[in-house]
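For reference, the structure discussed in these notes is given below.
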Amino acid sequence: QVHLEESGGGLVQVGGSLRLACVVSGNGFSSAVLNWYRQAPGKQRDFVARINSEGYTGYGDSVKGRFTIVRDNAKNTVYLQMNNLKPEDTAVYFCNLFLTPEAWWGQGTQVTVSS
């Protein structure tokens, strides 16, 4: 069984930074695609960033150049470094692990950017 637990969310001012972490328990971490998504109140869940097993990354247009996704296979952890935060980044951030053909989600961590 796979379990994901996010941490690192909180309240930050515009222009500030946060680093989210997602610790994964269970097998298959090093082979999996890891994603971060976010969901603002009343909106759909949107893609933020992705990293595959080879370290290739992809980002949503709204976060390119500001967010960085990194994985540490030795610690079964994926990080999301978020810089130059904006009020529109306010959302619950979810970690997702995709290992064909299944996917797992964490419970999410709240990020609030105040102006």
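The values are calculated or read from the model by the stated rules, or taken from the named source; none is laboratory data. None of these values were measured; they are calculated from a predicted model. For the accessible areas, the whole protein counts, side chains as well, though only heavy atoms, and no ligand, DNA or RNA atoms are used. Shrake-Rupley method; radii C 1.70, N 1.55, O 1.52, S 1.80 Å.
Taken over the Cα atoms of region 1-49, the convex hull encloses 116 Å³ per residue.
Ligands, DNA and RNA left out, the accessible area of the chain computed with a 1.4 Å probe is 46% carbon and sulfur.
Averaged over its residues, region 44-93 has an accessible area of 52 Å² per residue, based on protein heavy atoms and a 1.4 Å probe.
A convex hull fitted to the Cα coordinates of the chain yields 94 cubic angstrom per residue. Once the chain from Arg66 to Thr100 is taken as fully extended at 0.36 nm per residue, the excess over their C-alpha distance is 9.3 nm.
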